[in-house]
Each structure stands twice: as C-alpha cells, then as structure tokens.
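Worksheet: one structure, shown below.
The values are calculated or read from the model by the stated rules, or taken from the named source; none is laboratory data. Only a predicted model underlies this, so the values are computations on that prediction, with no experimental measurement involved. As a convention, Cβ positions derive from the backbone with ideal geometry for all residues, glycine included, and neighbour counts pool all protein chains shown. Surface accessibility is based on the protein's heavy atoms, side chains included, excluding ligands, DNA and RNA. Shrake-Rupley method; radii C 1.70, N 1.55, O 1.52, S 1.80 Å.
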Amino acid sequence: MRSALDNAKINYSVYKGGTAVALKYLYMGRSAAETSVSNRRLSRAWTESSQSPDAAPSNLGPAPWFIAVASTADLTGQIEVVAWGKAIIG
C-alpha cells in the first residue's frame, strides 16, 4: 500500500504543476468513503489523521476506509481525492 500511496502522491504533485504535496487522511466507513469519493464532498462522520492508512490508528474500528487529500484541502467544500481504499490497522 505504501508504494501505491507514494505513486498517487507523485501523480497528484505532477497534476498540481510539480508542487510537492503532503497528504492527510480521512477515515470513515466504506459507504461514506464511496459516497464522498463519488460526490467529491465529505459525507457523514469522518476522522482526520496524518497517520498513513498502511498503519491506521487502532481506535477507528474494525474496518475503516480512508480518503487521502492534500494537507491544505478545504474539507468543507469540494475535495480532490488523491487516493482512497480500505485502511490497514497498524
């Protein structure tokens, strides 16, 4: 997963004109993640963390999903999803 996240981060940086980008991770259930990615807006409850989804915090429940966005993203409006999927509890 780390390699896939690194590739997504590089691709997003290129998309943004070569500007290096840091990511933050938003953790939620699968349905909320699917809806948020589809609508490009956060839906339902989520938890923000800088902890990578390849070693997600253990307090997120048994099967959290994540959405990776730029660390500077405005979470109240439309979001640009860098990566998303099922997190691995670290």
*Contour excess over end-to-end distance, with Cα ends at Glu48 and Ser13 and 0.36 nm allotted per residue*: 10.5 nm
*Highest-first arrangement of 9-20, 68-79, where packing means the average Cβ count within 10 Å*: 68-79, 9-20
*For Gly85, enumerate residues with amide H under 5 Å from its amide H, sequence gap 5+ or separate chain, H modeled in the peptide plane.*
Phe66
*How far is helix 30-39 tilted, in degrees, relative to the longest principal axis of the Cα atoms in the chain, given as a value from 0 to 90 rounded to the nearest 10?*
30
*Low-density loop cleavage sites - trypsin sites (Lys or Arg not before Pro) in the range 36-85, where at most 12 other Cβ are within 10 Å (DSSP)*: Arg40, Arg44
*Which percent of the accessible heavy-atom area of the range 1-86 goes to carbon and sulfur, probe 1.4 angstrom?*
49
*Assuming R0 = 22 Å, can you tell me the calculated FRET efficiency for the pair Thr76 and Ser31, based on Cβ-Cβ distance, to the nearest 0.05?*
0.60
